């Protein structure tokens, strides 16, 4: 006799309508199965983990209560949308997430009708939801869609989120913001009284009573204002939502974000209430998986791991990364200079500041997800005589472009930008690719830009940049790169001076940054000169002028978009000086590249060593 196998609820759930067919008492079991499926899947593929475990019950409740995709569900950042993908027709493809040709790492409108908002960066959800809600108001639809934005307490530190709250409340946008508080930074507990009050004030009977009471005093505006103020103050004594109430939102919560029944009851009530609403839920990052609950920081995003122990297999031969080099340098320099202050916008580990934080806690500043503030805060430190180092990802520095111009470069302040994840970053895709920093920084006066081709150069450039008077950017890629690293054998870098790696015939390959190794095969095959340009701004104009005298062709190579990048700088110099040389620019194309490994995407962009040789050879044949 065959052993019977219990059929899982999740086996028959592929879309939200399948969730809505289930009796409510079955939903806790569905949540358990989604969490189990998530753990097994991410253990194989890697990816964002802790934040996804924390929103399982919320995701199930949202799709149970709201009529998605007609109702619009917007996830902030989107790194917590794996359960959403599981329940919206992508369960069988979850093993492909972040892989080339597979599911996108974040919500993407082109991927699914259930993804109302394409995202990857923080603090955008409330602005997007406000736009969608007010668009529906303008269109005057009889059966308008519900608009729901889910934002974490960390993302709420972004100024854009607060700007959106201010606008949405003032405009009376019909929308629901769910504040997913998984660090308990706003409220440390969820008491029985608060649960009761949330159910009470979100109930239709209370809402109707309140609205009728207010209408009674329409002809007595002074009395009405007093009553509304008294209501807010009474709620403020019991609930931590006074700020949101002052911004024009009706505040509800906090409630337990892992109680799917309570979530469904409150969401069902709020669905019937018009206007701007904010529901505050408390969740635990990594919920349901002990290793992730105990170490939510390390298991925020993971490589493939053992689901039993939570540990990755590890790599004893792991190369030192550029981030490791920065970590070494910033600690070494801080020991010598008491004025060094390190700043990060919520990326301590990713940017390599963990050691610095432990050794120099009073000179370490994590300003939260607030890139604009990070840059202007650094400017304030510099004005007061300190020497700030801003450790930031390339794609995140984009968000502080105006501050770099107005607050740093214009007054020519002494600030070093250590720009990690420059160029192709791989699995996180287009939203996190550092494809544009050379272009958007090169146009700014007073800015020095350096791009190391190896880790020794990276260390030397950071030191050179720190000693320079004025703003400096040193940009480097994710990962290890080529070559050994020995900070005891670091040669000084002279700003604006390139280095000839190989002397050759009438072709000069001008490499900017970490793609130097990919150029060596081409240089050898074509007997070309290979130059490590080192600086994007200023260029080594003296060397370029000499090379033109002995070379007919320049091929520029960079891990940045061609438009406005390092190659464009060479083009401008050649044209402005009427130099006689033919130029081919190799770089990232004018499109948003897909996600995949760094090697895969470099090949797609034509920047792997085989494609550099092929493209260069074709260019010479045409000439």
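The values are calculated or read from the model by the stated rules, or taken from the named source; none is laboratory data. Note that the structure is predicted; figures quoted are calculated from it, not measured. Neighbour counts run over all protein chains shown; Cβ positions are idealised from the backbone, glycine included.
Please specify each residue of region 250-270 satisfying the condition of being in contact with a helix residue (DSSP H, G or I) (Cβ under 7 Å, 6 or more places away or on another chain), crowded, with 20+ Cβ neighbours inside 10 Å and under 17 Å from residue 67 (Cβ atoms).
Passing the criteria: 263, 267, 269.
Output yes when any residue across region 589-606 is outside any loop (DSSP other than H, G, I, E, B) and over 34 Å from the mean Cα position of the chain (by Cα), and no when none is.
no
Quick test for you: out of 133, 113, pick the one residue that is touching a helix residue (DSSP H, G or I) at 6+ places or on another chain (Cβ under 9 Å) and surrounded by 17 or more Cβ atoms within 10 Å (Cβ to Cβ).
None of the other options fit; the residue is 133.
Can you confirm whether region 555-570 contains a residue that is assigned to a loop (DSSP other than H, G, I, E, B), out of contact with any strand residue (DSSP E or B) (no Cβ under 6 Å at 6 or more places or on another chain), over 20 Å from residue 447 (Cβ atoms) and not assigned by TED's automatic domain parsing to the domain that holds residue 449?
Taking every residue of region 555-570 in turn, none turns out to be assigned to a loop (DSSP other than H, G, I, E, B), out of contact with any strand residue (DSSP E or B) (no Cβ under 6 Å at 6 or more places or on another chain), over 20 Å from residue 447 (Cβ atoms) and not assigned by TED's automatic domain parsing to the domain that holds residue 449.
Those residues that are in contact with a helix residue (DSSP H, G or I) (Cβ under 6 Å, 6 or more places away or on another chain) and in a helix (DSSP H, G or I), I need them from region 54-70; list them, please.
If the condition is that a residue be in contact with a helix residue (DSSP H, G or I) (Cβ under 6 Å, 6 or more places away or on another chain) and in a helix (DSSP H, G or I), then 56, 57, 59, 60, 61, 63, 64, 65 are the ones that fit.
Name the single residue, out of those in region 528-568 being within 29 Å of the chain's Cα centre (by Cα) and more than 19 Å from residue 608 (Cα to Cα), that is surrounded by the most Cβ atoms within 10 Å (Cβ to Cβ).
The extreme case among them is 536.
Does region 148-158 include one or more residues that are outside any helix (DSSP H, G or I), touching a helix residue (DSSP H, G or I) at 6+ places or on another chain (Cβ under 6 Å) and crowded, with 18+ Cβ neighbours inside 10 Å?
yes
Select, from 34, 19, 13, the only residue that is assigned by TED's automatic domain parsing to the domain that holds residue 129, closer than 22 Å to residue 295 by Cα and in contact with a helix residue (DSSP H, G or I) (Cβ under 8 Å, 6 or more places away or on another chain).
34
Residue 513: surrounded by 24 or more Cβ atoms within 10 Å (Cβ to Cβ) and modelled with pLDDT of 95 or more, yes or no?
Spelling it out, residue 513 is indeed surrounded by 24 or more Cβ atoms within 10 Å (Cβ to Cβ) and modelled with pLDDT of 95 or more.
Tell me, which helices (runs of 4 or more DSSP H) wholly within region 201-285 include 2 or more residues that are under 23 Å from residue 166 (Cα atoms) and at pLDDT 60 or above?
Qualifying helices (runs of 4 or more DSSP H): 242-246, 260-270.
Could you tell me how many of the residues in region 571-588 are part of a helix (DSSP H, G or I) and either in contact (Cβ under 8 Å) with a residue 24 or more places away in the chain or within 37 Å of the chain's Cα centre (by Cα) (or both)?
Residues in region 571-588 being part of a helix (DSSP H, G or I) and either in contact (Cβ under 8 Å) with a residue 24 or more places away in the chain or within 37 Å of the chain's Cα centre (by Cα) (or both): 4 in total.
Inspect all residues belonging to region 419-431 and state whether any of them is farther than 30 Å from residue 302 by Cβ and surrounded by 24 or more Cβ atoms within 10 Å (Cβ to Cβ).
no
For region 57-78, indicate whether the set of residues that are free of Cβ contacts under 8 Å to residues at least 40 places away in the same chain and surrounded by fewer than 24 Cβ atoms within 10 Å (Cβ to Cβ) is non-empty.
Within region 57-78, not a single residue is free of Cβ contacts under 8 Å to residues at least 40 places away in the same chain and surrounded by fewer than 24 Cβ atoms within 10 Å (Cβ to Cβ).
Given the conditions (1) part of a helix (DSSP H, G or I); (2) at pLDDT 95 or above; (3) crowded, with 22+ Cβ neighbours inside 10 Å, which single one is not true for residue 89?
Single failed check for residue 89: (3).
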